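The values are calculated or read from the model by the stated rules, or taken from the named source; none is laboratory data. Bear in mind that the values here come from a model prediction, so they are computed numbers and not experimental data. FYI the Cβ positions are ideal-geometry reconstructions off the backbone, even for glycines, and counts take in every protein chain you see.
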Amino acid sequence: MSEQEDYSLALDTLAIRTGHERTHEGEHGEPIFLTSSFVYKNAQEAANKFQGKEAGNVYSRFTNPTVAMFEKRLAALAGGERAVATGSGMGAILAVTMAYLNAGDHVICSRDVFGSIVGLFDRYIRKFGVDIDFVDLTDLDAWQAHVRPNTKMFFMESPSNPLAVIGDIQAIANIAHASNALLVVDNTFCTPALQRPLKLGADLVVYSATKYIDGQGRALGGAVVGQHQLLEDVFSVVRTLGPSMSPFNAWVFLKGLETLKIRMKAHCENAQQIAEWLAQHEKVERVYYAGLPNHPGHELAKKQQAGFGGIVSFEVKGGRPAAWTVIDSTQFISITGNLGDVKSTITHPATTTHGKLSEEAKQAAGIKEGLIRLSVGLEDIHDIIRDLSRGLDLI
Ligand SMILES: *Cc1c(COP(=O)(O)O)cnc(C)c1O
C-alpha cells in the first residue's frame with residue numbers, strides 16, 4: 001500500500017495489505033532487506049540522516065524496512081498508533097521497563113505472568129532500585145491496596161499461563177490511571193485477533209511474536225504497541241541498547257500476521273472441543289479453559305475477548321506419575337515448552353516452565369503435580385483426542 005494507508009479497512013484486509021511500500025522492482029511479496037547498514041549519495045545526505053534532519057535508514061539496529069513493515073502491520077491490527085519490534089518477547093518487556101522505570105519507582109505485577117517476566121522484575125529490575133509487588137490478577141482490591149505515591153507501572157497478562165485466569169483489563173486500567181501509573185498488558189496468548197487491550201484502556205501492549213504471531217514455531221521476536229508519544233521512548237531504548245528484531249524474522253512474522261485471524265479462530269474451535277471432551281473425562285480432575293461456562297472468568301472473557309484462545313490446561317487424577325503417563329503416551333503431540341504453534345504441544349508445568357518455583361510458590365500459583373498444559377494445534381481434532389486418550393486410558 002502507498003503512503004496514505006487506509007485505516008478504515010477491515011482487520012482482515014489490514015493484516016494482508018498494510019505496511020508494504022512496493023520498491024522500484026515492482027515486487028508483489030514483501031522483500032527482506034537483509035542489510036545491516038544503508039548508503040548515501042554523498043556526505044551531506046549521510047550527515048543529515050545521522051543527525052535526524054532527513055528521514056531515512058541509517059543502521060538496522062535503529063530501523064530496517066522489513067522490520068518497519070511488520071511494525072506498521074501489527075500496529076494496525078492492534079489498534080495502536082505505532083509498534084516497535086524487538087528480538088524476542090522478553091526484549092519487548094525489557095525495553096518497556098528500561099524506558100519507563102527509574103530508581104525509586106514501584107511496579108505492581110500480576111502473580112500469574114510468564115515465568116521469565118517474574119525473573120526480569122524480581123532479579124534484574126530490582127537491582128536498579130525499583131520495588132515490585134506481585135498481586136492476584138483477579139483481586140482488584142489488592143491492585144488498589146498496593147498503590148504507593150511512587151507506583152509507576154502496572155503489569156498484567158490475561159488469560160494467564162497456565163491456568164487461564166482472566167483479569168479485568170478495563171478495571172485495572174482505571175485503577176492504574178487514577179494513580180498516574182501506566183498499564184502494560186502482555187497480550188501474547190490472545191493476539192490482536194482475539195483481544196485489543198489498547199481499546200480497553202491499556203497504555204502499552206507487549207507481544208511475544210514467537211508464539212501465535214509466527215504460529216509455526218520458527219522465529220523469536222516481540223513487539224510493543226501503543227501511542228506515538230509513549231513508543232518514542234521504547235524505540236530509543238531498542239535502538240540504543242540493541243534488542244532489535246532481525247529483518248528475516250520480521251518477514252516471517254509479516255507472513256504470520258496475514259493468516260493470524262483464521263488460525264486463531266481454528267485454534268479456538270479445536271481448543272473448545274478438547275476442553276469440553278476433557279471436562280467430561282473420568283480421569284480428569286479439572287479443566288482450565290475460559291470457554292467452559294463454569295470457568296470463573298467465562299463472562300469476563302466473553303466481554304473482552306473475541307475468542308477463548310488455544311491453550312487448555314487440565315489436571316489428571318493421580319498426580320505427577322499420571323500426568324507424565326499422559327504426556328509420554330502421546331505419539332505426535334510435541335513435548336515442548338513452546339506454544340502457539342500449528343503443531344499441538346504438551347508440557348508439565350510443575351517440572352518445566354514452573355520447575356524453578358519453590359513448593360510453596362507452586363502451591364500459591366496453583367501449579368499442581370497433575371497439571372498438564374496443552375497448546376491445541378490445528379491437527380485434526382479426532383487425532384488430537386486419540387493421542388491424549390492413549391495415556392488417559394492407562395492411568
Ligand atoms: C513466550 C512468552 C513471553 C516471552 O517471549 P519470548 O519471545 O520467548 O522472549 C512473554 N510472555 C508470554 C505470555 C509468553 O508466552
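Here are the numbers for the structure shown:
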item	result
Any hit, the stretch 119-134, residues being touching a Lys or Arg at 6+ places or on another chain (Cβ under 7 Å), modelled with pLDDT of 95 or more, more than 14 Å from the ligand (Cβ to nearest atom) and under 26 Å from L194 (Cβ atoms)	yes
Check on R239, among the basic types (K, R) and within 18 Å of M98 (Cβ to Cβ)	yes
Checklist (1) in contact (Cβ under 8 Å) with a residue 60 or more places away in the chain; (2) within 18 Å of the chain's Cα centre (by Cα); (3) not assigned by TED's automatic domain parsing to the domain that holds T325 applied to Y289, failing item	(3)
Given (1) assigned to a strand (DSSP E or B); (2) within 13 Å of the ligand (Cβ to nearest atom); (3) surrounded by fewer than 20 Cβ atoms within 10 Å (Cβ to Cβ), index of the condition V185 fails	(3)
Strands (runs of 3 or more DSSP E) enclosed by the stretch 308-395 - at least 2 residues per element that are among the aliphatic types (A, V, I, L, M) and modelled with pLDDT of 95 or more	311-316, 371-375
Any pair with Cβ under 6 angstrom, 6 or more apart, that starts in the stretch 105-117 at a residue that is under 17 Å from L339 (Cα atoms) and ends at one that is part of a strand (DSSP E or B)	V113/E157
Single residue of the stretch 82-114 satisfying the filter (away from the ligand (no atom under 12 Å from the Cβ) and among the charged types (D, E, K, R)) that is farthest from W251 (Cα to Cα)	D105
Residue match in the stretch 109-117 (condition: surrounded by 21 or more Cβ atoms within 10 Å (Cβ to Cβ) and over 24 Å from N180 (Cβ atoms))	yes
Strands (runs of 3 or more DSSP E) wholly inside the stretch 85-169 containing at least 2 residues that are under 19 Å from the mean Cα position of the chain (by Cα) and within 28 Å of G221 (Cβ to Cβ)	106-110, 151-157
Scope the stretch 198-233; condition more than 13 Å from the ligand (Cβ to nearest atom) and outside any loop (DSSP other than H, G, I, E, B); matching residues	L198, K199, L200, L204, V225, G226, H228, Q229, L230, L231, E232, D233
